[in-house]
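Novice: Take a look at this one; I'll ask things after.
Coordinate-derived values only; no laboratory data. What you see is a predicted model; the values in this text were computed from it and never measured. Quick reminder, even Gly has a Cβ in these numbers, built from the backbone with ideal geometry, and neighbours come from all protein chains shown.
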Amino acid sequence: MKLQDFHVEHADWARAGDREALSAIRREVFVRELAVPESLEWDDLDALSFHLLARNEGGAPIGCARLTPQGKIGRVAVRPPWRGQGVGLGLLRALVARARSEGRAEVTLDAQLAAVTFYEREGFVAHGDTFEDAGIVHRSMRLELGAPPPPVAPNPDGHALPAGSRSEIAASRLRLLAEAKHRLSIYQPTLDSDLYASLVEMSELRRIASSGRGADIRILLHDPEAALRNSHRLVALAQRLPSVLHIRTPLEEVDLAYASAYLLTDQGGYLFLPDARRASARASLRDRAAQAPLAQHFNDVWERSAPARALQPLDL
């Protein structure tokens, strides 16, 4: 599930534990090592930005980075013992992937001169003159991501589903399951106990799994072992129907940093949560144009993921 012996995950600045971990790394690297004045290290953008944490196998924070609402990558820091092991690269690629998922045309950053070559290897291009920031010489850089896709027109068939609260999301999820015929694709960073676990949801999942020769339910989970430890009903169903219900685990940092969740049906329906931990989503019973980029993302991640071996009956 992890590359080498670390992984990258989304961190929420509003959560005290995440904020403390991010701050500890930045204080160690920027304030103590690089002598950046502490008054310059923190700004109002922290509360608004998308943050990442890199952790080692034991869960200890070893690196961090953020993407601001303006599409600027910054505060990229890796603790000294972990430098040169791909941690910074994993953080950078995950933020670039996040920017792409937001439909941005480009991302920018201010690189210390010693790091310009590192960013150039990832396609960033330097521009403008050098400048000092907190007493350190920098160079501005940008990476073109291509034009953002045009906005999807409102569904003319009126198949939009309510998804502005937890109860509405749960109801829309059940409606999509009930409409599906033979195939589902589910992407969940974590499989909480209230997801795909109610008796009525399990009934619909069993119906789809036993619907005939074309039945296929594919699930991508970042942490299937946690679902196993919690005795999630969906895991038990997958163990009983391994030829129809398949669970895989992403391996690459860029995929493990993906914070969204979604459900796709063979009827063109979808439920998409930009942040899996927040009760805010969009959904439709039938909208293949809006579903298409999610289906492409799912297929891409599926191909570079591995079967969740720990969930197979022989491994219990």
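Novice: Across the chain, where is the longest run that never hits trypsin sites (Lys or Arg not before Pro) in a DSSP loop with at most 15 other C-beta atoms within 10 Å? The partial results should precede the final answer.
Specialist: Working: sites that count: Arg15, Arg83, Lys181, Arg213, Arg277, Arg278, Arg304.
Answer - 84-180.
Novice: Next up: How big is the antiparallel share of DSSP beta bridges in segment 160-315, given as a percent to the nearest 5?
Specialist: On the way: 16 of 26 bridges.
Antiparallel bridges: around 60 percent, rounded to the nearest 5.
Novice: While we're on this one: Only counting other Cβ atoms within 10 Å, I'd like Ser243, Ser101 sorted with the fewest neighbours first. Could the numbers behind the result be given before it?
Specialist: Values: Ser243 8, Ser101 14.
Starting with the residue having the fewest Cβ neighbours, the order is Ser243, Ser101.
Novice: With r as the distance between the Cβ atoms of Ala126 and Ala289 and R0 = 45 Å, compute the FRET efficiency 1/(1 + (r/R0)^6) and round to 0.05.
Specialist: Working: r = 38 Å, r/R0 = 0.84.
FRET efficiency, Ala289 to Ala126: 0.75.
Novice: To test your reading of the geometry: what angle, between 0 and 90 degrees and rounded to tens, separates the Cα axis of helix 166-179 from the longest principal axis of the chain?
Specialist: That helix lies at roughly 50 degrees to the long axis.
Novice: Still on this structure: Return a whole-number percent for the relative contact order of segment 6-144, with Cα pairs under 8 Å and 6 or more residues apart as the contact set.
Specialist: Numbers: 224 pairs, mean separation 26.6, N = 139.
Computed over segment 6-144, the figure is 19 percent.
Novice: To make sure I understand, if each residue's beta carbon is the centre and we count other beta carbons within 10 Å, what order do Asp18, Asp300 fall in, fewest to most?
Specialist: Working: Asp18 18, Asp300 11.
Ascending number of Cβ neighbours within 10 Å: Asp300, Asp18.
Novice: On average, how much area does the Cα convex hull of segment 6-144 cover when viewed from any direction, in nm²? Can you show the working numbers first?
Specialist: Working: hull surface 32.2 nm².
Projected over every direction and averaged, the Cα hull of segment 6-144 covers 8.0 nm².
Novice: Then there's this: Just how far, in whole angstrom, is segment 236-302 from segment 51-91 if you go by their alpha carbon centroids?
Specialist: 26
Novice: Sort Thr190, Thr130 so that the residue with the fewest other Cβ atoms within 10 Å of its own Cβ comes first and the one with the most comes last. Show your work: numbers first, answer last.
Specialist: On the way: Thr190 15, Thr130 11.
If I rank by nearby Cβ atoms, fewest first, I get Thr130, Thr190.
Novice: Taking only Cα atoms and a 10 Å spring cutoff, compute GNM fluctuations for the chain and point out the largest among Ala115, Ala283, Ala261.
Specialist: Ala115
Novice: Sticking with this structure for a sec: Using DSSP to call loops (not H, G, I, E or B), can you name the GluC sites (Glu not before Pro) in segment 1-102 whose Cβ has at most 16 other Cβ atoms within 10 angstrom?
Specialist: Values: sites: Glu9, Glu20, Glu28, Glu33, Glu38, Glu41, Glu57, Glu102; in loops: Glu57, Glu102.
Within segment 1-102, the qualifying GluC sites (Glu not before Pro) (loop, at most 16 other Cβ atoms within 10 Å) are Glu57, Glu102.
Novice: Grab the eigenvalues of the alpha-carbon gyration tensor for segment 164-274, scale each by 5, take roots, and send me the semi-axes largest first in whole angstrom.
Specialist: Numbers: eigenvalues 76, 59, 40 Å².
The answer is 19, 17, 14 Å, longest axis first.
Novice: Grab the eigenvalues of the alpha-carbon gyration tensor for the chain, scale each by 5, take roots, and send me the semi-axes largest first in whole angstrom. Write out the running numbers ahead of the final one.
Specialist: Working: eigenvalues 293, 99, 57 Å².
They are 38, 22, 17 Å, listed from largest to smallest.
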